[in-house]
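A short reminder: the numbers here are calculations on the coordinates, not readings from a lab. If you're wondering where the values come from, they're calculated on a predicted model, not measured in any experiment. Neighbour counts run over all protein chains shown; Cβ positions are idealised from the backbone, glycine included.
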Amino acid sequence: MTLWSVMHTHRPRAENSRQINERLRFRVRCGLLRIAMVLAILAIGSSGWTQMNDSSTNGTTQPAYDVVSIKTNKSGGSSMNFVTRVNGFTAENVSVEVLLINAYDIRDGKILQLPDWAHTARYDVIAKVLSDSTARPSSQQERLMMQQMLAIKFGIKAHYEMRDGSVFDLLVGKSGIKMKEVNSDSLPGGLVRNRGMIQGETMSMSSLASELSFAVERDVVDQTGLTGRYQVHLEWTPDGSAPPEETASNNNAPSLYTALQEQLGLKLVPGKGKVKFLIIDNIIKPEPN
């Protein structure tokens, strides 16, 4: 056998060996690449979940108001008007404290570290969503939208602090509810709250509990189990806001507690629980537009 023949005979074996080695190295590289991709996907997924939780708490993943107008109210009046709608809300003659109360679902007296002007300065606010959607945001979405607006327009940074205290549980009375459940998309979400009166066309029970907390000056926790929205009209004697056993016997008009049972079929039961406070970490007086 000639030298050329020997070289020719063994050359295919060398080529096959190199091809096998290259294929093995390629498979190893592909395997390492797959592992790297999986690790990257897991890292991105973990980071994305954290960001989603963070953004959902500050409202960035929630529907946002497209247009917000803030004007100083110089009427000098004492009455306030706050009306929510499918596409936003309007507020007349309200303080920043009132906006915080609505945005963070907390009553007055439970917000700490507010400057004096946040109690006294009054504003007219219009906030709108320009979307054509007719679906009404949930109460939680509306609050997050307002929180986002307050962060942008007022520089609000805040956190909650829980302390032990006395609360009232809002429950359904023995005779059942006396409110009409409504489709929240078909009616405006107007809310009127005056001394001795709460009226809302599409109120959730959590919203009613929040409003009642103003009257009883104590946190009210919704324990009704009712998830719908209702037409609410509640009137009582403002001075009769003490518990039934503390109400004067010669009071002809109903106390809040009696009116709540007679007019809405609900009741308040004293209890103990964690009381929520809102601590303001930062606030900037807005420039009206």
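Compute the signed sum of charges (Lys and Arg +1, Asp and Glu -1) over the other residues within less than 12 Å, Cβ to Cβ, of residue 261.
Residues near residue 261 contribute +2 overall.
Could you please report the charge total around residue 172, scoring K, R as +1 and D, E as -1 over all other residues with beta-carbon less than 12 angstrom from its beta-carbon?
In short, +1.
Note down the net charge around residue 163, summing +1 for each Lys or Arg and -1 for each Asp or Glu among other residues with Cβ under 15 Å from its Cβ. Before the final figure, lay out the partial values.
Working: positive: 107, 110, 218, 272, 274, 276; negative: 161, 164, 219.
Charge balance near residue 163 sits at +3.
Beyond 28 Å between alpha-carbons counts as too far, so tell me which of 74/180; 110/267; 153/276; 178/274; 157/276; 71/180 fall in that bin.
74/180; 178/274; 71/180
To the nearest Å, what is the center-to-center distance of the stretch 61-103 and the stretch 118-175, using C-alpha atoms only?
A separation of 10 Å, based on Cα centres.
So who's got an amide H within less than 5 Å of the one on residue 275, skipping anything under 5 residues away but keeping other chains? H placed 1.01 Å off N, in plane.
Amide H to amide H, under 5 Å and 5 or more residues apart or across chains, residue 275 pairs with 163, 164, 165.
Please list the non-local residues whose amide H lies under 5 Å from the amide H of residue 229, H modeled 1.01 Å from N, same-chain partners needing a gap of 5 or more.
182
In nm, to one decimal, how far is the residue 120 label point from the residue 277 one, both placed 7 Å along Cα→Cβ?
2.4
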